[in-house]
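The values are calculated or read from the model by the stated rules, or taken from the named source; none is laboratory data. Keep in mind the model is a prediction, meaning the values are calculated, not measured. Cβ atoms come from the backbone with ideal geometry, glycine included; neighbour counts cover every protein chain shown. Remember, those area values only see protein heavy atoms, side chains included, never the ligands or the DNA or RNA. Shrake-Rupley method; radii C 1.70, N 1.55, O 1.52, S 1.80 Å.
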Amino acid sequence: MPAYMISYDLRKVRNYDALVKQLKDWDCIAPLQSLWLGQLRGNSVAFRQLLAPLIDGDDGLLIIEIKPTADWAYLRANDARTGDWLKNNLGSEI
């Protein structure tokens, strides 16, 4: 199953509840406040269509598939599972 990075910028009205609930329902993790990682079946356009109704018209949304060969590193992630998720989905830290 492909791995995705999902990030958002909720600009004026900051109600994250529906968006966060959906990402958690997909078993995504949040290493940073508005950045989520998840293994999802589908493509970025489909996820955009599913998440768009959960944000306001002025909010931003970015969904990127990340490949196993991606270079990565992190520091002080909010979710303790971040390192394991990255290793399992992208390979060892370089």
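Here are the numbers for the structure shown:
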read-out: Estimated D of the range 38-91 in µm² per second, where Rh is the Kirkwood radius over Cα pairs and Stokes-Einstein applies at 4 °C, 1.567 mPa s; value: 98 µm²/s
read-out: With every protein chain in place, the chain: carbon and sulfur % of accessible area (1.4 Å); value: 50 percent
read-out: Net +/- balance of residues flanking ASP59 in space, Cβ distance below 15 Å, scoring K and R +1, D and E -1; value: 0
read-out: Lysines with Cα under 21 Å of LYS12, excluding same-chain neighbours fewer than 8 positions away; value: LYS21
read-out: Surface per residue (accessible, 1.4 Å probe) for the range 19-94, Å²; value: 65 Å²
read-out: FRET efficiency, 1/(1 + (r/R0)^6) with R0 30 Å, evaluated for ASP79 and ARG41 via beta carbons; value: 0.90
read-out: Accessible surface of LEU75 - all protein chains present, 1.4 Å probe, nearest 10 Å²; value: 120 Å²
read-out: Entry for semi-axes √(5λ) of the Cα gyration tensor in Å (calculated from the structure that is shown) out of (i) 20, 17, 11; (ii) 40, 16, 14; (iii) 23, 15, 11; value: (iii)
